[in-house]
Every structure is written in C-alpha cells, then in structure tokens.
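Report on the following structure.
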Amino acid sequence: MKQNTGKRCPSRPAILFLLAALILASCAPKAAEPTPQPSGAAAPAGDVYAGLNLIVPNKYDPPIDMTSVTTVNATVKFLNGDDIHNNIWTRTYRDVLGINLKYQWVVDGSMYEQKLGLSVNSGEIPDMFVVGPSQLLAYQEAGLLADLTSIYAAEASKNTRFILDQDPVALKSATINGKLWGIPLTDGSVTSASVLWVRQDWLDKLNIPAPKTMADVLEISRRFTEDDPDGNGVDDTIGLAATKGIWGAIAGLQGFFNGYHAYPGIWFDQGGKLVYGSVQPEMRSALLALQDMYAKGQLDREFGVKDINQVTETIAKGKCGMEFGVWWNPYHPLNLSQQNDPEAYWAAYPIPSIDDTPARSQYSSAIGSFLVVRAGYEHPEALIRMVNFWTDNIVLTQDDNIRRIFLGDINAPDVVLYKYTPVVLWAPNGTIETGRKVREALAKHDPSGLDLDAQWRYRIIQAYFEQGVKEAWVEVATNGPNGSVPILEGVLGDRGMFNRFYGTPTPAMAAKMPTLETMEAEMITKVIMGEPIEKFDQFVEEWYRLGGTEIVDEVNLWYSKNK
Amino acid sequence: MLQRKKFSNEIPLYLMLAPAVVLVLIYSYAPMVGLVMGFQRVLPGKGIFGSPWVGLENFKFVFEMPTIFQVVWNTIRIAGLKAIAGVAVPVTVALMLNNVTSHAFKRTVQTVIYLPHFLSWIIMAGILLDILSPSEGIVNRALGLLGIRPIFFLGDDRIFPWTMVVTEVWKSFGFGTIVYLAALTDIDPTLYEAAVVDGASRWQQTRYITLPGISGTIIMLSTLSLGNILNAGFDQIFNLYSPLVYRTGDIIDTLVYRTGILNNQYGIATAVGLLKSVVSLLLIGIAYKLAAKWADYRIF
Amino acid sequence: MNPRIYKLPFFENLLNLTVLALLAALCLFPILHILALSFSSAAAAASGRVAVWPVEFTLQSYQFVLDNPAFGKSFIISLLRVLVGTPVNMILTILVAYPLSRPRDKFRARDFFAWFFIITVLFSGGLIPWYMVIRQTGLIDKFWALILPGAVPVFNVILLANSFRTIPKELEEAAAMDGAGHWTVLFKVLLPLSLPVLATVTLFVAVAHWNSWFDGLILMNSPDKYPLQSYLQTVVVNPDPRMLTERDLDLLKIISNRTTRAAQIFIAMIPILMVYPFLQRYFTSGIKLGSVKG
Amino acid sequence: MAKKSVQALMRPSHLPLILLGAAMTVYGLTMALVGSWFSNQAMRGLITAGAYRARMAAFDAAAGIVAGLLFCALFIWCAVSARGGVRVAFAIGAVASLAPVLSARAEELLFSRLGLPTMNAGSVLAGAVTTLLFALPMVILFILLASGPGIPAGCRWLSLLSIFIVLATAFFPIYVTVLAFLIKPGDPAVGRMIEVSSQVIKLRYILPGLSFLLLAGISARFARRGPAA
C-alpha cells in the first residue's frame, strides 16, 4: 500500500503541473493578441448611429453639396476601406446632416497654406475651408468671404455658444469691422503656457531642494552642470535646454524670461497701452543671466544651431536635466529620457520668480485658424450646423460610444477619427477639467464616473504608484497631483500673462514683423553667446526704427477698439 | 528657288522642334505673364488681371529692406568662393587620380566620390549637423586630437560661408573630377614621351603639358559658373543656416523665401525674382562672351 | 589609354592613394550613416550613438516602412514616373538637340530657338501663374502633371547638342550623299555614335525625376498620389516648434523617429544605387562629349 | 531503494520553516502596507511624486537588505534542518532571497552595469527580472517538495498549489503591465485588470509566506503522528 502510494504520488502533481503549464502556455499568447475589435467601428453605415441619441435639429432634405479642402498628414490612419473622401465624418455629414461634403484637394499639413494660396489665387475657392489669421484678413478684404454675423446669431446652438464663449477672445479674433467672418477653431490657450521641468531624480541624488525662486533655478543649473548628476564621471551635462528657435513648446526660453517678469513676443497692458514684451527693459536681466549660464557651460554650446529634434536627442541621452516647456512635454520628448534611463523622473514646477512678486507664465490665444465660407455660397448656415453637430454631440459628451465612433476607439489609439474633418473645436478648458476629474478620483481612490479617457489616465497613475511601473510617470507628471496640469489652473488664475493682442495681424505687422523677429532671435542668440548687452539696447532702438513704432501704433489703435 | 529648297530642307527640323516648342510655350512662357505681379499689389482671388497696379512699389520695398545689400553681397561671396573651389578641387583630384596605376582603385574612387551628388540636401543637412557639431561631431573630435580647439562650423558667422563652400565641394567635386579626368585623357601621349626624352621633371610635365592641356576646360567651366553667381545654393543654405549666421549666410533666395513665400507676399517675391533674373541674364551673357573669347566655347 | 608616362615614387604614391582613399571614405560616410541608422534601435538613434555601424540591430524600421501602404504606393508612382518621364524627356531632348546642333547656315532659325529655350531657364513667372496654367490645361491631380510641364530639360539639350556637334561632319555628309534626310542622319548616324552621352543624360533625367518632390506636393490633390520624394518630404520636415500643440504629439513622435526616417531614405536611394554603377562607365566620355565643343 | 519512508520536512523542529514563513509574510505585509500608505498619500497629492519616489526607494533598499539577509539565513537554516530532496529544495530556495535585495536596484544593475538595451519599458523588464529571480527558485522549491517521495501527502498537495500561487502572483502583474503599456494601451478591460493586479502584487510575498507556515503546520502534525505510523 504504502509502496504503491509512494510510487504513484510523485507523478500525479508533476503531471498536473505540466498540464497546467501547457494550458497556460497555449492561452497566454492568444490573450495577448489584440482583438480585431476596432474594425467593428468601420462597419457599414446602417446601424452605426443606432441608440446614440444624436442631437440634430434639422437635416437638409434633399441633401446639399459643399466643397472643401483639408489636410492629411503622413501619420493619419484610416479604418478598413475608408479614406479621406469616405469615412465616418463624411458619411455622418451626408446621412445625418444632409450635407454632401466633397474635398477638392487634400494635402499634407505642412503644405496647406501654400496650396490654399495657389488655389484661391487661381480662382478655385472651396465653399467652406480653414484659414489662418492673415489669410482671414486678406480674403475678407478681397471680399471672398461670407459674413456669418446674422447666421451665427440665428443658428448657433447653446453648446456652440458655450464653447466659443469659454475663450473670451475667440469670437473677437474672427471679427473684422464688427462683423463675424469665421468660426474660430478653439483649443486650450493656457495649455501653451510654460512650466519648469526638472529631473527630480537628479535633484534627489545631489540633494538639492525643489526650485522656489529663479536663484534656485540658476543654482540647479550650476549643480547639474558641475556635479556630474548622471554619475558617469565625465563632465558632459548641461543645466538648461535651449534651441536655435529660442521660443517654443519644447525647451523654449520664454519661461525663463517670465521668471524675470519679461514677456518676449507678446503684447501686454502697461498703463492702459499695449507694449511689446521683447523690447521692455526686463529682458536685460534675463539675458544677462543666460549669458552668464552660457559662459559657464550650463547651456548647450551649440544651442544656436540645434533644432527641436537635436535638443530632443540631448534630453533623450540624459545630458540635460532642466527645461522650460509646456504641460505635455512628458509625452514627448521627456519620455525618451526615461526610456534610456529607467530612473529618470521629470517633475513640473510653476515658473519661479526672481523676486517676491510671483512670476506669471505667458500664453497666447490658441486660436490660429478659422472656418470660413465662400461669399456667394448658397448655404452658409451649413457650416454652423456642422459646428453645432460637433459641439452638441461630440466634444462635451460623456458617452463612450459616441467617442468611440466619432473620435477614435481607445483600442486602436493610432486611428484618430477627428482628423478626418476640419470642423474640430476643443473645449478651451478641456485639459484642465480632465486633469481635475482624474485628481479627484485619485484622492477618493475611485475611478467610477470618469469617462474612458480620464479613467485610463487614472489607471496609468495607479500603475505607477501601486505596481511600480516607472514608464507610467508621464501621466503622473502631467495629470497626477503636483503634476503640470494643476499648475495650469494657477496660470489661468493670477499666475498667467495673456497675450492681449489676438487680432488678425495689422498691415505693418504683416510686412515688418518677420524681419523684426529675425533680428530679435539673432540678438538674443548672440547676447547669450557672449556679445555685450548693449546689443539689446541697439536692438530696441532698431526695432522701433524699422517699423516697431508703426506696429505699436496700429496695435494700440486695435486695442482701443477691442479692450 | 534655292531659298525654297533650303526651307523645305529645314522642314523636318521644325517638325522635330514642334512638340517641345508647344510644351515650352504652354508651361514656361504662358506663366511668364505672371511677372506683371511684380508691379501689382496681388489680391487673393483677383489674380493678375484683377489686382491693382502699384508701379515700382514692390521694388521700392525690396530696396528698403534693411539687410538687402548685405544679402546680395553674401550671395555673391558664397557663390564666388564656391566657383573657385569648384574648379581647384576637382582639378587637383583629377590630377591625383591620373597618377594612380591600379585601374580597380581608380574606378572605385571615381564611383564613390560621385555618389553624394545624388543625395538631396535635406539628407546631407542631417548628416552635416551631426558630424560638424563642436562637442560631439567627428570632425571636431579629430581636430581635438590634433590639439585644435573645437570650431563652430555652422554657428560662427565668420566660418559659416566657408563651411558652405566646403560642403558644397564635398557634394559636387566628383562631378567636376570626372569632367577634368576626361579632358586629361585627351592630351596627346606623345607630348609626354617627348618631354621625357627632353628630361623634363614631373612638375615640369604637369606645368607645361598637363595644365595647358586642360586649361580650355578649366576656363570654360569657370566662366560658365559666373552665370550662377546669384545662385548660392538655396537648398543647402536653407537647411543649414540659423539666425546666428544671417549676417554672412543669408542669401537672396532665402530672404525671398522668408519674406515672400512664407507671408504670401507674392508681389514682392516676384519683384525680387525678376530683379535676379535680369541680373543673371546679364551675367550669363557676359560669361558666354568671355567663354567664347578665352576658350572658344559657344553654347550654340 | 591614360597619359600615364611616369610612375610616382613609392612614398608619394602611397600618400596619393591614402588621400584619395580618405576622400572616397568621406563621400561614402553619409550613405553608411543612413544605412546604420536604419538598422539601429530607435533609442540608440535618438541618443546619437550610431555612426557607421548599427547599434542594437533591429529590422523594426523596415518592417514599419513596409507595413505602411502609403510608402509602397508612392514608391510605385515614382517608379512609374521615371519609366514614363525618362523616355518622354529623352525623346524631346533628342528632337530639340538635333536642330540646335545644325550649323547656322543649315538651320537659319537656330539662334532664335536656342534663346527661346535658354530664356525659360532664367525667367519664370512664379508659382501662381505656373499653377494656373497647369490647372487650365487640366493636369492638376493627374499623373501627367509630373511629366509634361518639365518635359524639355534645357541643360540636357545643350549637353546633347554639343555632343552631336563633335561628331565628324564627314559622316553626316556621306550619309546625306546617299540621300539620307534629317531623320535618317539623326537616327542612323548621330544616335549610335552618341551612346555614352545618351546614357549620361538618361541617368540625369531619371535621377531628376526620382528626386523631385515639390511638384508632386503642389500639383497632386491627395497624398495617395504623391511620388516617393514628396511623401518623404512630408515625413522628414521639421515642425515649427512655436506652433506645436498637444494635438501634434503623434506627428512629433513619428518625426523624431530617426530610424524609420533613415530606412525610408535608404529605400528611396536603392534604385539610384542600383542603376548608377551600370551607367557610370559611360560618364567620363559622356560628360566630356557634351561639355566641350570640338 | 524504491522503498522510502515518509518523514516530516524537518527535524528536530519546524521552527526555521515557521520563522521563514513568518518573515516572508511580515515582509510582504510591511511592503504592502507601507507601499499603499505612501502611494495613497502621493495619489492624494499630500506628498509629491518625487518625495514618493525617494521614500519608496529608501524603504525598498533598507527593508530589502534586511529581508534578504533574514531570508537567506532562514533558508539555510531550513536546509540544514532538512535532508534529502527537501534540503536541496531549500538550498535552491535560498537564491530567492536575492530578490528583495535586488528589487531596489534592478534597473541600475541591468541597464547601467550590464548595459542592456532599455527599449521602452525598462522598469517592466527590470520588474520581470527580479520577479523571475524570486519566482524561479520558489517554483523549483515547491516542485521539488511536491514531487519529493518522502514527504507527507498534505505538504505535497499544498506545494502543488503553491506553485500556481507563486506563478500567478509573480506573472499576472507583469502580464497586465505588458498588456497595458505595450500591447493594448487604452483598453478599459486592461484598465480594470490594473486594479486587480495592483492588489495581487501585494500578495507576492505574503502568500508564499503563508504557504510555508501551513507547510510547517502540516509537517509538524505529521511529525507528531508520524512515528506511530
């Protein structure tokens, strides 16, 4: 008996184990395979809209025709069998709104303005299209655009007004001579404000306290340069990232200047008049500080020739531990530094100040383009109806089905459906609100009630804190508590400096500003690289002489009408 | 009668030209009507027939640009340096190659040096930014080994024009080399034999036989490049310059691009283009006269 | 063949060879760099660790490129463009070069036509009129828009015309005696004698077609009709950092991916690298014949 | 030869095994509690993510070394107290005590010292390696116990169960992370799995610890009754 059990027993658990292992092995890869679900969204139109409760007050019957033009970048992907001329958006406009939208041409985003210029100048004007501010002005002057004032008043839905009024300057920037000529494509303005990004792991390693003032920033820059924060024993790190463009969303120096209460490139109110930030005396001390940093090797010796991709490389290599940039920098390029060094963690700080007055982060209106209608098009109100469809049903929705069908399936993140239509108006405060919801859920430790997008952000942050997945830091550093998004709320409050000029460019501006901006970039680069600060005074003088005076007058004339 | 016969003899020639002439009339001459935009304030949608005339306003604007003369000088300087280097380097390399005994080696070198000619400046620019970087670039590392301090090839406005010249030569000297090599093969070998008999040294042979033998080609190619003196290489400079080097590196074409095309100021862009065309036409005319005189070269 | 009368002394020869080899290496470097990048991992490329040898070898970039239908489509359009455009260009080049190579007394309008063509190189009306004309002729968004507007390559015409003139008059005269007309002279006498220069011009024309990008970008109405270099241009452009918003993130990520960029650039170079060695042996004589008037 | 009598796991007493089980359980509990305490604070925004990182790293390193040394000593003690296959099993198990020590610096070791490519999921990779370092010896240990002929049947069944427990607690979180960050980012179903796996991960040491305690209990009961049989 005993012998028997002794012989039989050893094999039973072993066999069971083997069996289990086999089963595990056979189902593991299957489970890991992405399910072919996303293609479901491309299914024939018929029932796509079933049960969606779309708000469409009036449909064109019979359908009307509308020509347009649009952009498709090389990165845009389509669901099975769809293309830019036939996709969920063109089908929806046709089947739901009764608008047959036909694109006359489609071009890569980088060529849009050029192609539109060619097209319009050769007399080929689409019924509805997107323009930039200077084109809005030029085309309006040339009488090519339809006046939308009364149509907007009559047709715009409550939600459309809500979105467009959320940004106080949105409609104003599309208004010329008291009339509305286009529907501004809204987005978050405050999201273009800079925050200070610092390698927190380096701060901890070198035992440096968090930056509270610009003096701290300078000290961090010095220590990051001199104290070998990456610990490789080679003097190969720099304090602060900068690019040849000087300004920008990634490694832009405007945040640094803001710390000195200088606001390059924007217009702000000083005693009831608008002044241009780049020629104000506050620029001096910031320039001197940067000059000193450059002389001490804390800036990239070659920043004057490095474009954004090369600075990205410096950051990815872990050679740089501090930059001024916008809230989403962790998604790119800071994530690359963590990919090369799993320990890397960048933390966001509000722009510190050089003195007791809190620094204000500068930002400009996000409105860079407008939907316009050709003068003489029979159905100008069709544009407003398309906008209404977007604002009533899509952008504010909490319905995940609607998001999946019209914006993109979360399971197929590379297929971004809204890129197929030019009518895309984001809620100006969307980023901030999503962030706030995520943080509230985190505090309660309860993600229920969040929409899928916010819920996913919640999960990622959870994975960081509860599973130690360090790649998840990008979400922690942005939407997490103490991330960059909460800082933006402050910027929206009293820690921001809004560019008060948001109109279409004035004539002198259109003609002279490019030269002046070139001069400015040249001056700043050279002063930082060691030329005497008098160069700045010279620049100010020249700036006024070569058209600046004229521009200031025109801008203030505009300001007096648009206060 | 003779005239008639002569003409009928020429009919096939006209037939041959016909398709090309039609295409050129349509696609090159018809658009030239657009040159009138140089004298208009171009309004969108109005085109060249509806825009108002402004006389020489656009030209006035161009000459009032604060940097215009500096830019013209930069253009001439860079193009001139390129023309000189574009002769000297290929001639030298051709002479060196001519001394190589191994056929395989010669062939390989010839093939390889011609290759960069086929790469676009967009690709070349990416590579140059890499290898010319003061701290990490291979070039400056090599200089460092020789004890030379890093040189800021693309960011120092005293060096930038030279960098442009050298990189242009890098990209195109293979082409020139092949031309001169061809000219070298034309030299009558008996000349050398005679020289050897006379006891001429190698340098004397080079000085008195080789160089005169290819001088026609040299003069011809250099005078031809005179016509290109206002083309300093848009693709190259546009991809490599930065505000740091505008003082010496900004050329006519880049200026036009920035102030004209980027801001949709078609009138001004046309005005600058027209000025450039006229000056180029003059220069080319002179160049061909010179070429005809010195090298007995005529394009037609 | 070569006027190589003397031999260099050993040391000088060695120096000579070394310098030449270095020059060759200098010219080969960019291609090797691109090749190495395309086989390296994205992280290695982003941190600048790649020179001429792949770091963290991977075929991922190629897989990405080959999985991308747009790339393949553009590649085919470019091939087609070369296959159709080169013959069109060559036929017109030959047909124009022949009359222009006739002596002035045989073709009295020669100088007029010569300047007729040269003027087009110097003057252009600019983008808008050019675009309008192409639109008026109904070519916008058509494949032929890539072929017809540039169908007469003037520089190549000059090259070929000059080469025709180097051919001994006696041959033509002999043919003319036998009653041969212009067409016969051109096709039976001149062309067979001009093979090297034809090969050279063919390569120039083909490469020009393969490398041009701007016309595709402007004249085609949708990206799926772009030739390869136009497509590449949209992939390799650098975005304006001042205009970047969070909506451009996906674009930014792709653009910063140097390895896939390198892979696409390299694949785009392959046809040239393949054709070049075969035509290369004609260059020496081809270029010489075209450029020097005998 | 084939005839081998069944014996208790250890002699003279099961104290080392009880201590090992207790130590593992306590370590697991402490890690889970301190971890959730810190993460809770961080998620509420009471401490910054930076502070969270610093504290977690410090705690990980300190607790890891203490636990590692303790585990190692206890494993060896167990091995000494046992014999035959059981001794081999615990000797192999001792390797697992490296895991707590290494978990704090796996990334540094893997990527800076060994120079592995990080790809884009360095910490997931590092997590997988340390997990493997713990799970592999433990699995072998339990397999040996489960298939050992001279071991009480109850212990063997429990060991069999433990194999799955170890595998599941070790690899489920990794599986979920890979799914969430590499394969199906954004999938709500995966999102819910994160919730589960962040609980499971806390059981990584607790459950094997409890297993050891149970094993000791069963074996001790067997030892008390054993000689009679």
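Results, tabulated for the structure shown:
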| read-out | value |
| --- | --- |
| Residue with peak Gaussian network fluctuation, chain B [Cα springs, cutoff 10 Å], from B:13, B:145, B:211 | B:13 |
| 10 Å Cβ neighbours from other chains, averaged over peptide D:169-177 | 2 |
| Most fluctuating residue given options D:106, D:146, D:58, as computed from a GNM of chain D linking Cα atoms under 10 Å | D:58 |
| Rounded to 5, the percent of DSSP beta bridges in the protein assembly as shown classed as antiparallel | 60 |
| Whole-number percent relative contact order across chain D, with pairs defined as alpha carbons under 8 Å at least 6 apart | 31 |
| Unsatisfied cross-links (Cα-Cα over 29 Å) in the set B:46/C:73; A:273/A:535; B:106/C:188; A:102/A:512 | B:46/C:73; B:106/C:188; A:102/A:512 |
| Cα gyration tensor category, rounded, prolate or oblate, for chain D with a/c compared to 1.5 | prolate |
| Peptide A:66-74, shielding by other chains (average Cβ, 10 Å cutoff) | 4 |
| Shielding by other protein chains, A:330-340, mean Cβ within 10 Å | 5 |
| Amide H partners (placed H, <5 Å) of residue A:346, local residues excluded | A:200 |
| Exposed-site-free run, longest, chain B (rule: trypsin sites (Lys or Arg not before Pro); DSSP loop; at most 13 other C-beta within 10 Å) | B:1-157 |
| Kirkwood Rh, Cα atoms: Rg over Rh of the protein assembly as shown | 1.03 |
| Ranking of B:156, A:494 by count of other Cβ atoms within 10 Å, fewest first | A:494, B:156 |
| Leading residue at positive end of dipole, the range B:1-114 (Cβ point charges), from B:34, B:49, B:7 | B:7 |
| Percent RCO, i.e. relative contact order, over chain B, from Cα pairs under 8 Å lying at least 6 residues apart | 27 |
| Karplus (6.51, -1.76, 1.60) ³J(HN,Hα), θ = phi - 60°, over the range A:198-205, in Hz, Gly and Pro reported as x | 10, 5, 5, 5, 6, 4, 5, 4 |
| Axial C-alpha extent at least 30 Å, average Kyte-Doolittle at least -1.0 - helices from chain A (DSSP) | A:2-32, A:507-528 |
| Protection proxy ranking of A:533-542, C:215-224 - average other beta-carbon atoms within 10 Å, highest first | C:215-224, A:533-542 |
| Which of C:176, C:88, C:121, positive extreme of dipole for the range C:60-291 (C-beta unit charges) | C:176 |
| Pairwise label distance in nanometres, residue A:213 with residue B:151, each label 7 Å out on the Cα-Cβ vector | 4.6 |
| Candidate aspartates and glutamates for bridging to residue A:59, where Cα separation is under 17 Å - those fewer than 8 sequence places away on the same chain excluded | A:95, A:155, A:378, A:381, A:392 |
| Long-range HN-HN contacts of residue B:40 with modeled amide H, under 5 Å | B:54 |
| Rounded Å value of the spacing that divides the Cα centres of the range B:211-230 and the range A:264-320 | 47 |
| Local net charge near residue C:173, Cβ-Cβ under 15 Å (Lys/Arg +1, Asp/Glu -1) | +1 |
| Max mean-square fluctuation residue, GNM over chain D, Cα-Cα springs under 10 Å, options D:132, D:33, D:102 | D:33 |
| Cα gyration tensor shape of chain A, rounded if a/c is under 1.5, else prolate or oblate by comparing a/b with b/c | oblate |
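Bear in mind these aren't lab numbers, they're just calculated from the coordinates by the rules spelled out. Remember, predicted model here, so these are calculated numbers, not experimental data. Neighbour counts are summed over all protein chains in view; Cβ atoms, including those assigned to glycine, are modelled from backbone coordinates with ideal geometry.
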